[in-house]
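Every number here is computed from the coordinates shown, using simple stated rules; none is lab data. Keep in mind the model is a prediction, meaning the values are calculated, not measured. With ideal geometry, Cβ positions are generated from the backbone for all residues, glycine too; neighbour counts draw on all protein chains shown.
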Amino acid sequence: MKWIFSFSALSLLAACQPAKQEFNGREASYALTPGSAHAISGSVDFKEKPDGATEVKITLKGTDGRQKLPVHLHFGDVSTTGAPVALLLSPVDAQTGISVTRVTRLADDTEIDFEKLLKLAACVKIHLSDAGEESNIILAAGNIGANGSRMKPGAEISLCQSK
């Protein structure tokens, strides 16, 4: 009987504990526009985590199948030809249209937090494939950070340096 009371008391105490916050409330969102004849668009959302990391979530509409679609964060804007890769993000699952990446460093191992990401003059590009001719097909793209407000409807989206 004491065991049941103790278990009930512990359960009640655990239920009264505040939930651990996953995010601290600071976030930014940018539109992703179609980058080719494929009707794929969506958004990229940045959310600051209490530990200083940033969750980058890409949500696409118009994808299907079982492919994993490569996602690159590039320096420069969507029209910058040969823009170098700043970071490879987790691929988009074509079936769900979702990619989630925890970011704390760029590809060159430079530390980056939420604030620095928002100041970075960069863009995000989602490719059909990571190899062959299909790697030149950009399904969706958008400017982020310092370039975020510079994305104009119908902006030319250049091929990128993916290696």
Please list, or write none, the aspartates and glutamates whose alpha carbon is within less than 19 Å of the alpha carbon of K61, excluding same-chain residues fewer than 8 places away.
D45, D93
How large is ³J(HN,Hα) for each residue in region 94-108, as worked out from phi by the Karplus curve 6.51 cos²θ - 1.76 cosθ + 1.60 (θ = phi - 60°), to whole Hz, x for Gly and Pro?
4, 5, 9, x, 10, 9, 10, 10, 8, 10, 9, 9, 7, 4, 8
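Could you size up the charge dipole of region 29-143 around its Cα centre, putting +1 on the beta carbon of Lys and Arg and -1 on that of Asp and Glu, and report it in debye to the nearest 20?
On the way: 11 positive and 15 negative charges, 48 e Å.
For this selection, approximately 240 debye.
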Multiply the residue separation of R105 and R26 by 0.36 nm, subtract the distance between their alpha-carbon atoms, and state the gained length in nm to one decimal.
26.6 nm
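Whole number please: convex hull volume per residue of the Cα set in region 48-163, in Å³?
So the per-residue Cα hull volume is 103 Å³.
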What is the distance, in nm, between label points placed 7 Å from the Cα along the Cα-to-Cβ direction at D113 and at S43?
2.5 nm
